[in-house]
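What follows draws every value from the coordinates through simple rules; no lab data is involved. This one's a predicted model, so the numbers in the text were calculated from it and none came from an experiment. Because the Cβ atoms are built from the backbone with ideal geometry, glycine has one as well, and the counts that use them run over all protein chains shown.
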Amino acid sequence: MTEPLYMMSDDDKDDSEGATGVATKTRPKTQRPPMYKVMLLNDDYTPMEFVVHILERFFGLNHAQSFEIMLMVHKKGLAVVGVFSFEVAETKVAQVMDFARRHQHPLQCTMEKD
Ligand code: TYC
């Protein structure tokens with residue numbers, strides 16, 4: 001009959017395998033960035049096809065979606081074209097305003113916090 005030379009105390013027993021115990025995982029608090037609506041405004045001079053082209057080119061909308069939004073702006077005075085992070089919204093507004101100016105159309109595009 002042999003005696004154990006040494007006996008593990010509870011503290012020495014690790015439970016890295018088949019661990020039992022209280023789960024202490026917490027959900028880290030994440031901050032969502034504020035979002036910005038990009039809007040097109042109606043005017044009496046910018047051609048409808050030009051607005052449709054802008055919506056396809058800068059907002060990745062298909063022709064039917066672009067035509068629908070253009071008509072909404074035409075009838076209601078303005079419409080939200082998309083919702084983006086601040087930097088993306090700022091870029092879209094600048095691209096639209098620059099493209100309209102270069103073609104000498106008075107089209108206006110603005111952004112506001114969602
Ligand atoms: N109202 C313009 C017209 O009749 C068309 C138009 C639509 C202009 C949307 C701007 O954001 C706009 N030619």
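When 54, 69 are sorted by how many other C-beta atoms sit within 10 angstrom of their C-beta, beginning with the fewest, the order is 69, 54.
Once you order the gyration tensor axes a ≥ b ≥ c over the Cα atoms, which shape class does the stretch 47-113 get: rounded for a/c under 1.5, otherwise prolate or oblate by comparing a/b with b/c? Note, shape of the stretch 47-113 comes out rounded. For residue 113, a cut-off of 28 angstrom between C-alpha atoms picks up these lysines, skipping any fewer than 8 places away in its own chain: 29, 37, 75, 76, 92. Once the C-beta distance of residue 83 and residue 25 is scaled by a Förster radius of 25 Å, the resulting FRET efficiency is 0.20 to the nearest 0.05.
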